[in-house]
Amino acid sequence: MTTEPARPVPSSSAGASRRVQLDEESGTVMLRTDRGAYVLRVDRAAGTVRHVHWGASLPLADAVSLPLWSENDNSFAGRWDGTEEYPVDGGARFAAPALEVRFADGSSPVEPTVQDVVLLEGDHVAVLLRDCTRPLAWHLHYRVPPDGDVLERWTEFVHTGAPQDGDVLLVRYASAHWPLPQRADWRLSAVHGGWSAEGHLERSALPVGETTLGSRRGHTGHHANPWIALDPQDTGEEHGDVWVVALASSGSWRITAQRTAAGRTGVLAGEGHEGAELRLRPGGRHRTAVSLAVHSSHGFGGASRSFHRHLRAHVLPHPQELRPVLYNSWEATWFEVSEDNQIALARRAAAVGAELFVLDDGWFRGREDDRSGLGDWTPHPKRFPRGLRPLSDEVHRLGMAFGLWVEPEMVNADSDLYRAHPAWVLHLPDRTATELRHQMVLDFSRPEVTDWALGWLRRLVTENAVDFLKWDFNRSFTEAGTHAGGPDARRVHVDHARGLYRVLDQLRAEFPQLRIEACAGGGGRVDAGILSRTDQVWTSDNTDAVDRLRIQHGFSQLYPARVMSAWVTDSPNPLTGRTVPLRFRFHSAMAGVLGIGGDLTRWTDAELAEAAELVQVYKDIRAVVQRGEQFRLLPPGNGPLTAVQYVDEDRTVVLIWRPSTAYGPPEPPLRLRGLEAEARYRDEDTGREWSGATLMAFGIPLPDLPPGDCASALIRLRRGW
Ligand code: DGJ
């Protein structure tokens, strides 16, 4: 994903790019993806950029002559509402704007004029706009990555004035407005939820008006995730049109689907929320987060696969690597960690085939429970009297990588750090500093705070040969004002996450071998922004293998299995009390990046042997799961069975779950997807063979599932036997 400003190239090369085409005369810009096109037209006379088309591929010659949506003709209507690429608050515009400002004299109307259209290196075009008299310019950036169907957009604001012009307050500063084509009706899909219940997918009709999802919590949130999908009400998992818009941001955010009474629909996506304003000083710049979007004519599944491919190829820092099988001690020892109990767990974890051992919370000074210690990042003298190095060495000797839990953005009041720096937390001097989970948020928009974090993280990683960090974040913002105060005091809703990014970027640059798992009390910070700096995410604190099917289904709408960390934990599950067979727990976790999080010292020899066998099976299929194309064959909750298929080159894996049983007619064969109709496929476990055509048209006979609740099966097929 683009993270650095692009360099202008000579205008003589304008129009030459394969994926960005420019027709100077009409002002038409065409962005081509593998299977589609996005077209806009720069109207210099009117000082605006109008939207023309987003969907299937078209010839440039047609795009140039396509008519624009006609202007409204009465004195009560917004002239261009819903048809502009970046609507501002100003002129005859009444829909929610992408840009709203407050100039130094308190006025707000913006009057745009087009400065230029610049083709930049890397299939990237920028439309440069500015206010006709006031000191503000904004540049609309569009980039088409070299492959795939995802488009990237962001906006850069520049205060072009001098000190006497005063500051410009950015009140709304969306990354992009994505206008949609005209359809009779629209349906909106998004995920909702909460802690331990992330990713619940819901679809509902899109009403006329503004429908906003967002986070005012300073982090991405468990309750929603920064993407929405819109379809014309008749799209299915594998057929029909869908448009998806996402935001690569880890702070507060807002995505608004806006449907006007005049029949125009578009999506605004940006950081911040109402009241979280940004002040631009003379000469100052602000570049928004990237908004990603895709159109698919292959249904929701097609859109998900496009995003998965894009995130794997262009966003993740180490896309070629396979994620290791992890062991994490949290649910085994909670806060009661010690060198002895961790070594005992590590030995068992290595014996069942884990490749990475992660020591979770509780290892540092003052951390008896969740009331104290955060901020004091040196080993707990009683629990680790010799420090962490002996454990790290033993883990390495056992052939595993060593990982450690940290929560750098937080502090407990009962810590030496807080006693020394009480002003480092988000606070307002005359307000109560609200504690949640007995902790407060350190203000990562302040360089002295991020410098401090980098200092101890460097030491910790170096001294203990740490290969992996689980980076946690266990509460939302309150009293979120910066120490600087003033009119943009709430910019911390945007700037904290940017401070976090700087720390992660620096740490990665200094320790290229270090891998990071993002976590925020489970899935509270899952987004394309954090994924451009981390290797995987902890999906949810809910490790119940049945609940996970729904959470993972929601997760997969945007994010690939390659980053979805999933553990096999003890039964009954500590959160839900549900008893689930070991095989089902493994099959549920094998749908992502397999980990184990149970108390292995209490597992029987038979359980450990079964676990070792299932870890081997996962290692055999993991390349298919982690690199393959994913097909959601049967979604959870729509019948007795749930099934997911992965296809990678010549191999196919299918996971089938039946969480609860009910008497009824036998289930029909399971129709597979994404195979070659002419090829032969052989079941690697039973030896049976079918053609791809049979598997897709008739289906594969379901394997015998054990009787009772929580039954599951895994099918491995290989092409070309
Ligand atoms: C929340 C995480 O999601 C858990 O996995 C665990 O690391 C705890 N925090 C530790 O406090």
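The values are calculated or read from the model by the stated rules, or taken from the named source; none is laboratory data. Please read these numbers as outputs of a predicted model, since none were measured by experiment. Methodologically, a virtual Cβ is constructed for each residue, glycine included, from the backbone with ideal geometry; neighbour enumeration extends over all protein chains shown. Quick note on the areas: whole protein, heavy atoms, side chains included, nothing else; ligands and nucleic acids left out. Shrake-Rupley method; radii C 1.70, N 1.55, O 1.52, S 1.80 Å.
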Under the 7 Å Cα-to-Cβ spin-label approximation, THR686 and SER108 lie apart by a distance in nanometres of 6.5
Per 20 angstrom bin, beginning at 0 and ending with the bin that holds the maximum distance, the Cα pairs of the range 2-315 fall in percents of 33, 61, 6
Here, GLU463 and LYS619, labelled 7 Å along Cα→Cβ, have an inter-label distance in nm of 3.4
When every protein chain stays in place and a 1.4 Å probe is rolled, ASP116, ASP34 sorted by accessible area with the largest first are ASP34, ASP116
For HIS298 the rounded accessible area (nearest 10 Å², probe 1.4 Å, non-protein molecules ignored) is 90
Per the helix-only model, the chain has a calculated mean residue ellipticity at 222 nm (DSSP H runs of ≥4, -39500 (n - 2.57) each, divided over all residues, rounded to the nearest 500) of -5500 deg cm²/dmol
Checked the chain against the a/c 1.5 cut and the a/b vs b/c comparison, axes a ≥ b ≥ c from its Cα gyration tensor; verdict oblate
In this structure, the FRET efficiency calculated for ALA609 and GLU510 from their beta-carbon separation, with R0 = 56 Å, to the nearest 0.05, is 0.85
Ordering 371-377, 182-188 by per-residue average of other C-beta atoms within 10 angstrom, highest first, gives 371-377, 182-188
So ALA679 and ASN341, fully extended at 0.36 nm per residue minus their Cα-Cα distance, gain in nm 116.5 nm
Pseudo-spin-label distance THR661 to ALA420, built 7 Å along Cα→Cβ, given in nm, is 6.1
To the nearest 0.05, the calculated FRET efficiency linking GLU156 and ASP451 through their beta-carbon distance, R0 being 25 Å, is 0.40
Sorted on mean Cβ neighbours within 10 Å (highest first), peptides 434-442, 407-415 come out as 407-415, 434-442
